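Note sheet for the following structure.
Where a number appears in this text, it was derived from the coordinates with a stated rule and is not lab data. Note that the coordinates shown come from a computational prediction; the quantities given were computed from them, not determined experimentally. Cβ sites come from the backbone with ideal geometry, for glycine too, and all protein chains shown count toward neighbours.
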Amino acid sequence: METAEVCSRQAMQWLAMAEQMENASPGKEIECLQKARIYFAEAARILQDDYSLSASVQQHADTCRKCAEWMQQQGDLPGAIVAWQEAADMYRLLPGSEAKTQNSRCVQLVMQGMMHLKQNPLTRLSLLIAHHERRILQCYTQTAPSLCLAENTRRLADLLMRSQMPQEAEENYTKAIDFCLQLPPEETPYCQAHCRHKLADLLLNYREAPEQAAAQYRQAIALYQQIPNLSQMQTAALLQAQNNLHKAERWMKKQPKMEREDHEQNRDTI
């Protein structure tokens with residue numbers, strides 16, 4: 001894992017690059033600021049209470065505020081709220097009236113954003129999604145990020161499913177499986193089993209692809225069975241995967257008959 005000093009140095013390098021891009025390429029400038037923000041946040045996580053003594057706090061706060069303003073302009077209000085809250089937390093650590101004013105402004109913007117999001121029934125999920133997207137980016141600051149990426153990408157996929165975003169969920173379950181495959185099998189049996197199980201559900205219920213779903217269910221079941229001392233929740237998941245596999249297999253048996261009936265109907269029409 002990177003040290004706080006290394007993370008702060010990386011953040012300052014990204015800030016310097018952002019300044020170079022300020023006039024030449026606004027999009028690249030924001031990309032650099034986002035990366036600086038990630039490294040600042042990792043330094044804060046490592047130092048915890050001692051971060052208030054860091055010389056990076058002012059730059060961290062200003063970076064978060066600029067990122068929030070850009071995300072608001074892009075229509076990403078949940079992401080902007082997360083960044084404003086982070087900026088407010090950093091300004092609160094700083095002395096002086098200017099920092100106090102900036103803290104109050106960021107808090108007000110968070111409150112206004114929350115009031116706007118309350119009109120949306122998926123408010124809490126949208127904020128959780130923004131938090132997990134942020135955590136995923138922060139995983140890349142670690143020396144060996146695969147486990148962090150696998151777990152957080154799995155959680156993000158679960159939230160996307162609950163938010164009724166099946167395509168995005170499918171993409172993230174697939175990514176989480178890829179991260180799991182970069183690790184020793186004993187480190188991620190539940191994470192990979194869960195992702196293959198949920199991916200199979202999507203293939204069966206949204207894509208109507210029972211054969212692909214069955215393949216994922218079989219792998220999920222095998223992974224569940226490798227977990228020692230299954231919890232009650234994991235046992236229930238295993239049983240559900242087995243039941244869904246039977247459903248997919250019954251569907252596969254019906255498909256040839258349905259295809260023949262469709263063919264005969266089309267032939268009679270001709």
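Computed quantities for the displayed model
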| item | result |
| --- | --- |
| Estimated dipole of the stretch 1-81 in Debye, rounded to 20 [Cβ of Lys and Arg +1, of Asp and Glu -1, Cα centre] | 100 |
| Exposure proxy order (Cβ contacts within 10 Å, fewest to most) of M12, M111 | M111, M12 |
| Mean separation of Cα contacts under 8 Å (6+ apart) over length of the stretch 144-270, as relative contact order % | 19 |
| The stretch 156-217: C-alpha gyration tensor shape, a/c 1.5 cut-off, then a/b vs b/c | oblate |
| Residue order, fewest to most surrounding Cβ atoms within 10 angstrom, among I129, I46 | I46, I129 |
| Relative contact order computed over the stretch 1-122 (Cα-Cα under 8 Å; 6+ residues apart), in percent | 19 |
| Residue exposure sequence - T101, T174, T63 - by fewest surrounding Cβ within 10 Å | T101, T174, T63 |
| Net +/- balance of residues flanking H197 in space, Cβ distance below 14 Å, scoring K and R +1, D and E -1 | +2 |
| Candidates E249, E86, E186: whichever shows maximal mean-square fluctuation once the chain is modelled as a Gaussian network with Cα springs under 10 Å | E186 |
| Lys, Arg +1 and Asp, Glu -1 on Cβ, resulting dipole of the chain about Cα centre, debye, nearest 20 | 640 |
| Rounded, prolate or oblate (a/c below 1.5 giving rounded, otherwise prolate when a/b exceeds b/c) for the stretch 86-211 by Cα gyration tensor | oblate |
| Value of D in µm² per second that Stokes-Einstein yields for the stretch 1-122, Kirkwood Rh from Cα pairs, at 4 °C (1.567 mPa s) | 88 |
| When each of K118/K175; K28/K66; K198/K247; K35/K118; K175/K254 is checked by Cα-Cα distance, pairs over 23 Å | K118/K175; K35/K118; K175/K254 |
| Cys with no candidate disulfide partner in the chain (beta-carbon separation under 4.7 Å rule) | C7, C32, C64, C67, C106, C180, C191, C195 |
| Length-normalised contact order of the chain in % [C-alpha pairs under 8 Å, at least 6 apart] | 11 |
| Whole-angstrom gap from the stretch 176-245 to the stretch 1-53, using each part's C-alpha centre | 37 |
